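The values are calculated or read from the model by the stated rules, or taken from the named source; none is laboratory data. The structure presented is a predicted model; accordingly, all values stated were derived computationally and were not measured. All Cβ positions, glycine included, derive from the backbone under ideal geometry; neighbour counts span all protein chains shown. With ligands, DNA and RNA removed, areas are computed over all heavy atoms of the protein, side chains included. Shrake-Rupley method; radii C 1.70, N 1.55, O 1.52, S 1.80 Å.
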Amino acid sequence: MRYAILSDIHANVLALEKVLEEARRQSVEAFLCLGDVVGYGARPNECCDYLRDLKAVVVRGNHDEAAVTPGKEEWFTLPARECIRWTRDQLTAENQAFLESLQPFNRLPGAHLCHGALSDPDLYTTSPGEAFVSLSLMEERCCFLGHTHYAEWYVYRNDGRLPTQHLRPQGGELQLVSGRSYVINPGAVGQPRDSNSQASFAIWDNEASKVTIYRVSYEVETTRQQILAAGLPPSMADRLPYGV
Ligand code: ZN
């Protein structure tokens, strides 16, 4: 089976559409999403609609949760809080119900799915030590997670020592081998922060035991204009061309 793995779409529908095009070109059969479908961006409903139509397996991100949980936005920075309140007002009843239905963890043969870490979906995984927290809880060979908006993976030799970290801001291919475990972040579709403005996602081919991270260009300037026209904080628009 060939799975597309998407994370941190953040209501950026133009980036999502380009990622879906590339995934179809790559003969993907199913879609997995690691959360933060909404928040920051100006097109939350369209992004939810796409995932529902695709029958994607989606786990809940912190922005998804806050968008449907009044009061939760208090935990976020001021601009993020503004985006969450705006998003809450925009959501259709169907998409509100969709976000409310999401669970923080999922598991399929060969992989765990979560937003930030297996111990706590709100934790950031940015270092070998932090990746080790998820590795120590894993029962499958891979754990796919997002939240940091960095495309990267960690390789663990199952020997009790820390895994090695491999940043992949330009994409790359990972051959999975037996006797090792992996924590893999496909990067962000809608708001990359690894200094590459291109949308990021991964394809996991579980028969070929291969994970490939792809970067694809999208209409950043149009997306910027959508964010500004919606009255969202300008910083959410202005970071996109820099991938920060
Ligand atoms: Zn995010």
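Here is a yes/no grid of residues against (1) without any contact (Cβ under 8 Å) to a residue 60 or more places away in the chain; (2) surrounded by 13 or more Cβ atoms within 10 Å (Cβ to Cβ):
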| residue | (1), (2) |
| --- | --- |
| 72 | yes, yes |
| 80 | yes, yes |
| 89 | yes, no |
| 92 | yes, no |
| 111 | no, yes |
| 121 | no, yes |
| 126 | yes, yes |
| 136 | yes, no |
Out of all the residues in the range 22-45, is one or more among the basic types (Lys, Arg) and exposed (fewer than 15 other Cβ atoms within 10 Å of the Cβ)?
-> yes
Residue that is farthest from the ligand (Cβ to nearest atom) [pool: residues in the range 37-50 that are among the aliphatic types (A, V, I, L, M) and out of contact with any Cys (no Cβ under 6 Å at 6 or more places or on another chain)] | 42
One residue from 187, 172, 179 being within 16 Å of the ligand (Cβ to nearest atom) and either of a type in the set (Gly, Ala, Ser) or in contact with a Leu (Cβ under 7 Å, 6 or more places away or on another chain) (or both) = 187
Given the residues 229, 208, 199, which is the only one that is open to solvent by less than 60 Å² (accessible area, probe 1.4 Å), among the small types (Gly, Ala, Ser) and either away from the ligand (no atom under 16 Å from the Cβ) or more than 24 Å from residue 25 (Cα to Cα) (or both)?
-> 208
Restricting the range 143-194 to residues that are surrounded by fewer than 24 Cβ atoms within 10 Å (Cβ to Cβ) and small (Gly, Ala, Ser), the residue that is nearest to residue 115 (Cα to Cα) = 181
Taking the options 161, 215, name whichever one is out of contact with any strand residue (DSSP E or B) (no Cβ under 8 Å at 6 or more places or on another chain) and basic (Lys, Arg).
-> 161
Of (1) in contact with a strand residue (DSSP E or B) (Cβ under 9 Å, 6 or more places away or on another chain); (2) under 19 Å from residue 11 (Cβ atoms), residue 92 satisfies every one except (1)
With a cut-off of at least 1 residues that are over 24 Å from residue 167 (Cα atoms), touching a Pro at 6+ places or on another chain (Cβ under 8 Å) and at pLDDT 95 or above, name the helices (runs of 4 or more DSSP H) lying wholly within the range 26-129.
-> 62-67, 78-90, 93-101
